[in-house]
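See below for the structure under consideration.
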Amino acid sequence: MTPDSRDYLTRLNPEQRAAVETVDGPLLVLAGAGTGKTRVLTTRFAHILLTRRAFPNQVLAVTFTNKAAREMRERVSAILGEPAEGLWLGTFHALCARMLRRHCEHVGLASNFTILDTDDQLRLLKQVMEAERIDTKRWTPASLMAVIQRWKDRGLTPARITPNEDSDFANGHAIPLYTAYQARLRTLNAADFGDLLLHVVEILRTQPEVLADYHRRFRYILVDEYQDTNLVQYMWLRLLAQGHRNICCVGDDDQSIYSWRGAEVENILRFEKDFEGAHIVRLESNYRSTASILAAASGLIAHNEGRLGKTLRPGRADAQGGEKVSIVELWDSDEEARMVAKKIEELRRNGHKLAEIAVLVRAGFQTRAFEERLITVGVPYRVVGGLRFYERAEIRDAIAYMRATVQPADDLAFERIVNVPRRGVGESALRTMHEASRAWDIPLSVAATRLVEQGGLKGKVKEAIGTLLRNMGHWRDMLEIDGHVVTVATMLDESGYTEMWKQDKSAEAPGRLENLKELVRALADFETLGGFLEHVALVMENEERSDTDKVSLMTLHGAKGLEFDTVFLPGWEEGVFPNQRSMDESGNKGLEEERRLAYVGLTRARKLAIVSHAANRRIYANWQVSIPSRFLEEIPTQHVETIGGTSRSRVAASTAFSGQFPVVARAPRVIDAWEQPGRPARPDKIPVGARVFHQKFGYGTVRSVDDDKLDVQFETSGDKRVLDRFVERA
């Protein structure tokens, strides 16, 4: 090794150097956003090798992505001055696959076992369910896969599942199905991704000689993104660290935002209890954002109780001060999209690179309004980590239903929806319809109608196709009577498409349902369904421009680890952000994760953070008054510039922010039947414990009061936060 050992430590600040040189014993490095955690982790790795504390194959280094593993390998090699060989460096799954190949006989596998992908896993689960006579239409293989994956994320083999951890899936058949599935995997000499960790943990639990061998092998353990570990990953690390106890975990409890995929923030919070005598080093010098943005983010996250605590400060002299976080109140969600697009255009005219601008939303459905506005004004954009709104599978399915209904000759649309959701229409039935369509030279749906009438289709297929065709005729009639918004909402319900996603237990299903709701909401902007479909065709035809300089649109979850000069954070309203479903399902724990997500959003910005909320949002065709997010009140006022005030007058809001965000002044529009005017403040105050009535949520009891906002436990709607002016004393 010929490293330049004179400067690899001098390039670190005192906090980072302490994290690198505290080598022996358990160490937790609390690395705030932008504080150089990757530099610390890789320098520590190289430092262990350079000081001869261990050989390369005696260090276990764990990352969450292959990209992070490659970057660590390259950086370590650069410090060493030669390629780093023989490393145990990789993702949890890659390292466990390597271990499992060595010891697979302990779980009934051969070393050449196959790792199943998702499609193979679903097919196998379906076979297992059918063998057990489970209705796979009511209880889908995807739903069972989600249940089994949750168990595997928690390190639970079928034998280790307690009654408290059982599932009511398929009327209590989940554990027998899980058992049969695992047996089938062994017969096939296969494992799924969840098994890679589960099997290795089980081996380490039950085979003392194997565990002892790894204790002798690994003198040091390094772990990146520790706040994102799930329970089985935690168990694996705990077992391996029992040997030399030289485990260093780097993470940020304030950026733990992935509970929906099994991450347990408690893993990092209890580190000191798990590893007696552990050291904690806090990295608080941020090299990304200005002092104003850091102070705003730190003030917000300080409201979380479940955290170890740290306060970010600028690590660069030129980051002192900076523009305050802008909070912009707008009249409605349409105006919010116009404001964002107009500000982006202004920034571009002033030389700001579009690639250094991001719009970060809480949920994927929110991108639609910004996509359409950016297309309208000609600003190139990319949707990062996902498809553009109209390219998403559920949106394409819904649009195919619309096309097939209004245009019976649209064979492509009819073929897409004929068995979505599943109606038992297989390849044979579809081939029969295609042959009839060609023979009679008529559209596919017309051929299907004739086959149903003439007996060309039999049994359940005939019944399913006949029901679909009758429904399509009913929906065409509805268009004339009820209008396209109500018709499409009815269409998605009566077809079973909405119910299909409601029954789906995958993590993506709730987002898909939100996208469908946003699609129906978008219909209200058009006079006819035909006009909407034409608009979609034009949007889809909009060519992907070759510009590399594009605005980034993404969810807050997808933005973690990224940074931009300017960040827009729209939709900070109660129910949207913090997300109501997250709070309903997880209570205060869910709220704290939502707050961490807000913290992640703010700390993506280097120079300018613009938060916005709308006084009104349209839900389907109705305007709903929105309450500003509680997070806005939690940001210290001295680091905030409020633009738009609290007035719900469109003119007042437009005038207030026209200086910074140029807009053309407009007269207030007439509120039509769909819109709800703002109500005056209550002259009286409603106390805690009072019984109230809300037109949407019904009767409830006030649990707490925050100025004009009430936290109410409604009898049928659960806990909601509402403005006092929208309830009556009951």
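Pairs of alpha-carbon atoms within less than 8 angstrom and 6+ residues apart define the contacts here; what relative contact order does the chain have, in percent?
Contact order relative to length: 15 percent.
Amide H of residue 550 versus every other amide H placed in the peptide plane: which residues, excluding those fewer than 5 positions away on the same chain, fall under 5 Å?
355
What trypsin sites (Lys or Arg not before Pro) does segment 550-600 have in DSSP loop regions with at most 12 other beta carbons within 10 Å?
Answer by residue number: there is no such site.
What figure in square angstrom, to the nearest 10, would you give for the accessible area of residue 53 with a 1.4 Å probe?
Taking all protein chains as shown, residue 53 has close to 80 Å².
Residue by residue through segment 360-370, what is 3J(HN,Hα) from phi via Karplus (6.51 cos²θ - 1.76 cosθ + 1.60, θ = phi - 60°)? Round to whole Hz and write x for glycine and proline.
My calculation for segment 360-370 gives 10, 10, 6, 9, x, 5, 6, 5, 4, 4, 6 Hz in order.
Under 8 Å for C-alpha pairs, at least 6 residues apart: give me the relative contact order for segment 301-397, rounded to a whole percent. Numbers along the way, then the final one.
Numbers: 31 pairs, mean separation 19.6, N = 97.
It rounds to 20 percent for segment 301-397.
Filter the trypsin sites (Lys or Arg not before Pro) in segment 433-493 to those in DSSP coil with at most 12 other Cβ atoms within 10 Å of their Cβ, and list the result. Could the numbers behind the result be given before it?
Numbers: sites: 438, 450, 458, 460, 462, 470, 476; in loops: 458.
Answer by residue number: 458.
Per residue of segment 130-136, in order, report the coupling 6.51 cos²θ - 1.76 cosθ + 1.60 (Karplus, θ = phi - 60°) as ³J(HN,Hα) in whole Hz, putting x for Gly and Pro.
Taking θ as phi minus 60°, the curve returns 5, 5, 8, 6, 8, 5, 7 Hz for segment 130-136.
How many angstrom separate the Cα center of segment 309-331 from the Cα center of segment 349-391?
Centre-to-centre distance over Cα atoms comes out at 23 Å.
What are the ³J(HN,Hα) couplings of segment 145-160, residue after residue, when phi is run through the Karplus curve with 6.51, -1.76, 1.60 and θ = phi - 60°? Round to Hz, x for glycine and proline.
4, 5, 5, 5, 5, 4, 5, 5, 4, 9, x, 9, 6, x, 6, 9
Over all directions, what mean area does the Cα convex hull of segment 1-91 project, stated in square nanometres?
Numbers: hull surface 23.1 nm².
That works out to 5.8 nm², a quarter of the Cα hull's surface.
Which whole-angstrom value gives the distance between the alpha carbon centres of segment 101-128 and segment 163-235?
Each part's Cα centre sits 13 Å from the other's.
Near residue 462, which lysines are there with a Cα under 22 Å away, not counting those fewer than 8 places off in the same chain?
Result set, ordered by chain and number: 137.
Heavy-atom accessible area per residue, the chain, 1.4 Å probe: how many Å²? Show your work: numbers first, answer last.
Numbers: 32220 Å² over 730 residues.
Spelled out: the 1.4 Å probe surface of the chain, per residue, equals 44 Å².
The values are calculated or read from the model by the stated rules, or taken from the named source; none is laboratory data. Small disclaimer: the values here were computed from a predicted structure and weren't measured. So basically every Cβ, Gly included, is an ideal-geometry build from the backbone, and we count neighbours across all protein chains shown. When the accessible area is computed, the model is the full protein with side chains, heavy atoms only, and any ligands, DNA or RNA have been set aside. Shrake-Rupley method; radii C 1.70, N 1.55, O 1.52, S 1.80 Å.
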